[in-house]
Amino acid sequence: MSDAEGGSYTLVVDLEADATLSAGALGECDLPAGAYAYTGSALGAGGFSRVDRHRRTARGDHDVRHWHVDYLLGHPAARIDRVVRSVGVDVECAVAERLPTGPIARFGASDCGCPSHLASEERDERGGDAGDALDALAERALAAHEAAVTGTDDPDATVEVVAGSGE
């Protein structure tokens, strides 16, 4: 499958420190350090090359802020840990609805009826670390993608996990 084919994706993001974001029309948003999952679609021209753009933003190589997630990824404490993607299908909202309630209403969901496309996983206060929260949220995202793809009529749709921001 090529990246140009597109589909839906979830960025699993590690926010290493508390952050205040100015997220476009959403205004100022405070996020505590933790694990976040942003679900979007890459169905237009270029398909999953949109995810490459998100990676560049998270690395500090791209300064344009077009989508809500750009404000999160552009924060120096944010990095993309991994990406879960459903190839060849539009399951963006079905995935977002299967993830925990988002910390910011309407984040990434200004063009649909979803409450939010940003989910979070609290770090375990009993000794868990960032890796545990990231792994737990990534597992939930993978399960959400698999369930959403199973609910489609497309037998060729696949779910895969790919690299995050990289260096």
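Screening 139, 160 for residues that are at pLDDT 95 or above and not in a loop (DSSP other than H, G, I, E, B) leaves exactly one candidate, 139. Can you name the residue in the range 35-63 that is more than 22 Å from residue 114 (Cα to Cα) and in contact with a helix residue (DSSP H, G or I) (Cβ under 7 Å, 6 or more places away or on another chain) and, of all such residues, is most open to solvent (accessible area, probe 1.4 Å)? Going through the qualifying residues, I end up with 62.
Counting just the residues of the range 72-88 that are in a strand (DSSP E or B) and open to solvent by 10 Å² or more (accessible area, probe 1.4 Å), which one comes out farthest from residue 99 (Cα to Cα)? Across the range 72-88, the extreme among qualifying residues is 79. Residues that are open to solvent by less than 10 Å² (accessible area, probe 1.4 Å) and farther than 13 Å from residue 10 by Cα within the range 132-152 comprise just one, 133.
Taking the range 1-33 as the range and being at pLDDT 90 or above, touching an Asp or Glu at 6+ places or on another chain (Cβ under 9 Å) and surrounded by fewer than 20 Cβ atoms within 10 Å (Cβ to Cβ) as the test, the residues that pass are 18, 19, 20, 30, 32, 33. Taken over the range 93-111, residues that are under 12 Å from residue 23 (Cα atoms) and within 13 Å of the chain's Cα centre (by Cα) amount to 2.
The values are calculated or read from the model by the stated rules, or taken from the named source; none is laboratory data. None of these values were measured; they are calculated from a predicted model. We place every Cβ from the backbone using ideal geometry, glycine too, and count neighbours over all the protein chains shown. Ligands, DNA and RNA are excluded from the accessible area calculation, which covers all protein heavy atoms including side chains. Shrake-Rupley method; radii C 1.70, N 1.55, O 1.52, S 1.80 Å.
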